[in-house]
Amino acid sequence: MRSLFGNSAPHGAFRRWRRRVCLGGAVLFALTGCGQSGTDAKSAPSGPPAVLRVPGDYPSIQQAVDVARSGDTVLVSSGVYRESVAVRRPGVVLRGADRDGTVIDGQFVRANGVTVTGAGSVVENLTVRNHLANGVLFTGVTDERLQGSGAGGAGYDPLDTVKFPPLRGFRASYVTAHNNALYGIYAFDARGGVIERSYASGQSDSGIYVGQCDPCDTLVRDNTLEHNAVGVEVTNASRGLYFAANTVRRNRVGFTVNSNNLEALGPQHDAYVVGNTISDNNDDRSPEQADGGFGIGLGIGGGTRNTVERNRISGHRTAAVVLSDVQGYPVRSNRISGNAIDGAPAGLVLTAARTGGNCFAANGTAPTSPAVLPRAVSACPGQDVALASPGAARRAAVPPGVSFKEVPAPGPQPQLPGGAGAVARPAVGLPGPVDPKAFPLPR
């Protein structure tokens, strides 16, 4: 089976490779721990929600989150904290006093920066960097032996959603994640969340990943993703899922939407990608994507019934949009309409043997592959008919990438409004009503 990106390395093989590599991270995670609570930690005060200060009240972040009650804020002063943090209690707000100055550093020896399994908890206004797996992980997978491999891992049965029901309620706001070996901000087996106004660069997989949720009930908005192998990755994540007003630029690949059998809940279906800027994803100074993808704006591999509207997709050397069947999942009934697409060898590449009910309408004047689209594709809603010949992406040399450790650190990023004194908001009732039509085409 050829991959979404048209090379000979199947996406599934990459997943297996990644999980073998990351299993070492899981073992390392078990050895280094999440930061031990210790017997001398103070108890959180009773009464109204409290502010637990690190290091003023507690010497480590882990000690503070271990005693925090729902509604409490763990406020972390500026400094570099060399620990992995596990937020297991519900409704905890983990906040940095300064987004750029409060840093959780994995030193390239720890797996995850912050792992959240406590429902309704929040990570905001801080930086996570230099981890062997993920910067921030939100997950219902509570077995710590598996979390270092990105929540899955060799010991995780991807079909066992009963054993690990989804985390309900999460939020990442004003988080900077950079130079992590897998994902910057990762929501896996989690629903009812928001990832917003965050920045991710230098991940060797993707800046933001949303996987294995149906329904997801998740909004990913106003984030900036650059200098990653992939800016945003979506796998088996469906329904109530919105990617809106994000800037996805200067990655090797901008955005991928996938179905596969290595996670539960396939096929992927019914997500919205609206009002985003997806541009110039041809960065040869980012970590190399293991499937060999390069110069692609948006790829949908086996996804179904997704809506891609009012996005500005420009400046890609291979193609703006690629639709492909993968791993036994046909790409079907995706609506690609009303986008501003230019500056690519192809606006659309449809590699399937059938049109699959996909449609591609009112997206600008960039050429397509096949060069002449049948009416079944060029008007919405689409119809399913056989293609005389499938399209093919332009075959171009893929430049080598760099180690995730070598991507330059980002500059200063916007702070949480109100800073350390902002009102704490646990992740309850998220994301709230979302109207995809409210996100216009970016200028």
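Yes/no matrix, rows are residues, columns are (1) at pLDDT below 95; (2) over 23 Å from the mean Cα position of the chain (by Cα); (3) among the acidic types (Asp, Glu); (4) within 30 Å of Ser369 (Cβ to Cβ):
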residue	(1), (2), (3), (4)
Ala386	no, yes, no, yes
Ser389	yes, yes, no, yes
Arg395	yes, yes, no, yes
Arg425	no, no, no, no
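Of all residues in the range 301-350, those being more than 15 Å from Ala393 (Cβ to Cβ) and part of a loop (DSSP other than H, G, I, E, B) number 15. In the set Leu126, Leu75, only one residue is assigned to a strand (DSSP E or B), within 26 Å of Pro414 (Cβ to Cβ) and out of contact with any helix residue (DSSP H, G or I) (no Cβ under 7 Å at 6 or more places or on another chain); that residue is Leu126. Scanning the range 244-273 for residues that are farther than 14 Å from Asp214 by Cα, surrounded by 24 or more Cβ atoms within 10 Å (Cβ to Cβ) and out of contact with any Leu (no Cβ under 8 Å at 6 or more places or on another chain) yields Arg252, Val253. Can you tell me how many residues in the range 230-260 are modelled with pLDDT under 95 and among the β-branched types (Val, Ile, Thr)? Total satisfying the criteria: 0.
Can you name the strands (runs of 3 or more DSSP E) wholly within the range 172-265 that have at least 2 residues being touching a Lys or Arg at 6+ places or on another chain (Cβ under 7 Å)? Working first, answer last.
Numbers: elements: 183-188, 190-196, 199-201, 206-213, 218-221, 230-237, 241-244, 247-249, 253-258.
In the range 172-265, the matching strands (runs of 3 or more DSSP E) lie at 190-196.
Within the range 142-167, if we keep just the residues that are modelled with pLDDT of 90 or more and within 17 Å of the chain's Cα centre (by Cα), the residue that is nearest to Gln413 (Cα to Cα) turns out to be Leu167. Could you tell me whether Ser324 is of a type in the set (Ser, Thr, Tyr), more than 28 Å from Ala181 (Cα to Cα) and over 17 Å from the mean Cα position of the chain (by Cα)? No.
Taking the numbered list (1) surrounded by fewer than 24 Cβ atoms within 10 Å (Cβ to Cβ); (2) in contact with a Cys (Cβ under 8 Å, 6 or more places away or on another chain) in turn, Leu241 passes all entries but (1).
Note on the range 63-82: among residues that are crowded, with 20+ Cβ neighbours inside 10 Å and out of contact with any Ser or Thr (no Cβ under 6 Å at 6 or more places or on another chain), the one that is nearest to Thr139 (Cα to Cα) is Val65.
The values are calculated or read from the model by the stated rules, or taken from the named source; none is laboratory data. All of these numbers come straight from a predicted model, not from anything done at the bench. Please note: Cβ atoms are built from the backbone with ideal geometry, for glycine as well, and neighbour counts cover all protein chains shown.
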